[in-house]
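Enquirer: Next up is a structure, given as structure tokens.
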Amino acid sequence: TEWVYDQKFTATDAEDGDWFGRYLVFNDNKLYISATMDNENGYNAGAVYVYSTNGTEWIQEQKLMP
């Protein structure tokens, strides 16, 4: 099996220190990527970015926050 670089995942509002990508979960054709130190909803409250695929690329759908 050969691995091929296909797409770089980034968050629309990622900042240094958010730890974007520390945890990944793939379920039901959705990809969930954590940003465990995201501060938008409180100091290091964290967030999860939800991506779906259109068949050729992954697109950020939403950002989940506590």
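Quick grid of which residues meet (1) among the aromatic types (Phe, Trp, Tyr); (2) in contact with a Lys or Arg (Cβ under 8 Å, 6 or more places away or on another chain); (3) surrounded by 11 or more Cβ atoms within 10 Å (Cβ to Cβ); (4) touching a residue at least 12 places away in the same chain (Cβ under 8 Å):
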| position | (1), (2), (3), (4) |
| --- | --- |
| Trp3 | yes, no, no, no |
| Lys8 | no, no, no, no |
| Asn29 | no, no, no, yes |
| Tyr43 | yes, no, no, no |
| Val48 | no, yes, yes, yes |
| Tyr51 | yes, yes, yes, yes |
| Thr56 | no, no, no, no |
| Met65 | no, no, yes, yes |
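Enquirer: Looking at the stretch 34-41, is at least one residue part of a strand (DSSP E or B), modelled with pLDDT of 95 or more and either open to solvent by less than 80 Å² (accessible area, probe 1.4 Å) or small (Gly, Ala, Ser) (or both)?
Expert: Yes; the residues of the stretch 34-41 include at least one that is part of a strand (DSSP E or B), modelled with pLDDT of 95 or more and either open to solvent by less than 80 Å² (accessible area, probe 1.4 Å) or small (Gly, Ala, Ser) (or both).
The values are calculated or read from the model by the stated rules, or taken from the named source; none is laboratory data. Everything quoted here is computed from the prediction, not taken from an experiment. Every residue, glycine among them, receives a Cβ derived from its backbone with ideal geometry; neighbour counts consider all protein chains shown. Only protein heavy atoms, including side chains, enter the accessible area calculation; ligands, DNA and RNA are left aside. Shrake-Rupley method; radii C 1.70, N 1.55, O 1.52, S 1.80 Å.
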